[in-house]
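What follows is a short report on a single structure.
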Amino acid sequence: MIAGSTQKELASQIRYLKIENEILRSKLPTRVPVTDKERNKLVKFGPKLGKALGELVTIVHPDTLRRWIRETNKSRKKKEPVKKGRPRTKEEIRKLIVKLARENDWGYTRILGELRKLGIKSVSRNTVKNILKENGLEPGPKRGAGT
């Protein structure tokens, strides 16, 4: 019915609905509480009204609806903070480094060489060294007393 209407018919239908809305609102208490779900619906369809928002909105004050729209737009625009530095080394690689150090008494240079042989090239010397220190291991190899 509405899709086939002309501009004049649509305007008269809107006028009728506005009057009907006014009559129904006059029978309600002064303040009508709005649920979050209802608020979200108003925020979704409110911006599409453009400048007519001030004339059409009656359930809440037009400025309130505008504020809700602004707040919703701000919360949508927030982005996650940019992480600084490189991504952490995968946990399985960290465990392998610690295992190699504990079982073989190797230093970080030798461990790095063994990782390269296994095809793990994403780890640097300092990363291996730092992982060993975090786990309470010396980064250098254990040598005899005479060296």
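The values are calculated or read from the model by the stated rules, or taken from the named source; none is laboratory data. Since this is a predicted model, take the numbers as computed values, not measurements. Every residue, glycine among them, receives a Cβ derived from its backbone with ideal geometry; neighbour counts consider all protein chains shown. Keep in mind that these areas ignore ligands, DNA and RNA; they rest on the heavy atoms of the full protein, side chains included. Shrake-Rupley method; radii C 1.70, N 1.55, O 1.52, S 1.80 Å.
Figure the gain on full extension for residue 56 and residue 130 (residue separation times 0.36 nm, minus the Cα-Cα span) and round it to one decimal in nm.
Working: separation 74, 0.36 × 74 = 26.64 nm, distance 6.43 nm.
Result for the pair: 20.2 nm of gain on full extension.
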query: With every protein chain left in place, what is the accessible area per residue of the chain in square angstrom, probe 1.4 Å?
result: 84 Å²
- request: Would you work out what percent of the accessible area of the chain, with all protein chains in place, is carbon or sulfur (probe 1.4 Å)?
  value: 54 percent
query: So for the range 19-65, what are the equivalent ellipsoid semi-axes in whole Å, largest first, each being the square root of 5 times an eigenvalue of the Cα gyration tensor?
result: 18, 14, 9
query: With point charges of +1 on the Cβ of Lys and Arg and -1 on the Cβ of Asp and Glu, referenced to the Cα centre of the chain, which listed residue (124, 34, 57) lies farthest in the positive direction of the dipole?
result: 124
- prompt: For the chain, what is the mean residue ellipticity at 222 nm derived from helices alone (per DSSP H run of n ≥ 4: -39500 (n - 2.57); sum divided by total residues; nearest 500 deg cm²/dmol)?
  reply: -17500 deg cm²/dmol
- request: Please report, to two decimal places, log10 I(q)/I(0) for the chain at q = 0.15 Å⁻¹ as given by the Debye formula with identical point scatterers on the Cα atoms and no solvent.
  value: -0.89
